[in-house]
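What follows is a set of notes on a single structure, which appears directly below.
The values are calculated or read from the model by the stated rules, or taken from the named source; none is laboratory data. Keep in mind the model is a prediction, meaning the values are calculated, not measured. When we count neighbours, we look across all protein chains shown, and the Cβ atoms used for this are built from the backbone with ideal geometry, even at glycine.
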Ligand SMILES: O=C(O)CCC(=O)C(=O)O
């Protein structure tokens, strides 16, 4: 929880990973923000995680284009016996969350070596296998959302200027410092009006085709 503010530079780099972030950008647009950065430590025998979708709070039918997208970084080996992620292939196109145990039989394990990253569309139905090995399974989930959504964690209010200054300009978008909503004073509203003018192409662009 709140790993980006507690973990310092390594986590600042992680959320801007040169392979993962372009895939997230493809799914969520260049204006996307970080929703949460969470570490998972999974021990032996921990029960299976039920099949769910990360697209919470959005009414059915879910839009076919992603509202959220997730990167699971595997810090340790990630096989069925390790308690890896499971997904229901193609479920991002169902446009609803699983209801009453749906997807449990269809979910397949996503196996990967340590250091791999698993990137998935927020509509994807997924869960996790129980772990049968004795050593720990370690992963980090970096969840991103569309710029117009409320993130799970509020980084804009807790990261200092020093952190913003040592990162590329896009980092401000990622941590929600430059989102064009949520003004709290007249000065802030003026700043946001200017931001909207400068970024009109990004904020108001429509995509001919959705992933
Ligand atoms: O790694 C797991 O056990 C579950 C991960 C997950 O559900 C997620 O990142 O949304």
### Query
Only one residue in 83, 100, 127, 122 is within 13 Å of the ligand (Cβ to nearest atom), more than 21 Å from residue 32 (Cα to Cα) and either free of Cβ contacts under 8 Å to residues at least 12 places away in the same chain or under 16 Å from the mean Cα position of the chain (by Cα) (or both), so which one is that?
127
## Note on the structure
Note on residue 16: of the conditions (1) closer than 20 Å to residue 202 by Cβ; (2) at pLDDT below 95, unmet is (2)
### Query
Of all residues in the range 137-152, which are more than 11 Å from the chain's Cα centre (by Cα) and under 14 Å from residue 56 (Cβ atoms)?
149, 150
### Task
Look at residue 51 and say whether it is touching a helix residue (DSSP H, G or I) at 6+ places or on another chain (Cβ under 6 Å), at negative phi, within 15 Å of the ligand (Cβ to nearest atom) and modelled with pLDDT of 95 or more.
no
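Listed here are the residues, each with its yes/no results for (1) in the same structural domain as residue 29 (by TED's automatic domain parsing); (2) under 30 Å from residue 6 (Cβ atoms); (3) surrounded by fewer than 16 Cβ atoms within 10 Å (Cβ to Cβ).
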position: 73; (1), (2), (3): yes, yes, no
position: 78; (1), (2), (3): yes, yes, no
position: 82; (1), (2), (3): yes, yes, no
position: 93; (1), (2), (3): yes, no, yes
position: 98; (1), (2), (3): yes, no, no
position: 101; (1), (2), (3): yes, no, yes
position: 116; (1), (2), (3): yes, yes, yes
position: 140; (1), (2), (3): yes, yes, no
### Message
Could you check the range 4-41 and list, in sequence order, the residues that are assigned to a loop (DSSP other than H, G, I, E, B) and more than 16 Å from residue 116 (Cα to Cα)?
### Response
8, 29, 30, 31, 32
### Task
Give me a count of the residues in the range 48-74 that are assigned to a loop (DSSP other than H, G, I, E, B) and over 17 Å from the mean Cα position of the chain (by Cα).
4
### Message
Quick check on my filter: what residues within the range 105-122 are out of contact with any helix residue (DSSP H, G or I) (no Cβ under 7 Å at 6 or more places or on another chain) and farther than 16 Å from residue 54 by Cα?
### Response
105, 106, 108, 109, 110, 111, 112, 113, 114, 115, 116
### Message
What pairs come out if I take residues in the range 161-174 that are in contact (Cβ under 8 Å) with a residue 24 or more places away in the chain and pair them with residues that are in a helix (DSSP H, G or I) and crowded, with 18+ Cβ neighbours inside 10 Å whose C-beta lies under 6 Å away, six or more apart or interchain?
### Response
167/12
### Task
May I ask you to list the residues in the range 150-187 that are within 16 Å of the ligand (Cβ to nearest atom), within 22 Å of residue 26 (Cβ to Cβ) and surrounded by 18 or more Cβ atoms within 10 Å (Cβ to Cβ)?
151
### Query
Has the range 195-206 got any residue that is within 16 Å of the ligand (Cβ to nearest atom), more than 26 Å from residue 91 (Cα to Cα) and surrounded by 11 or more Cβ atoms within 10 Å (Cβ to Cβ)?
no
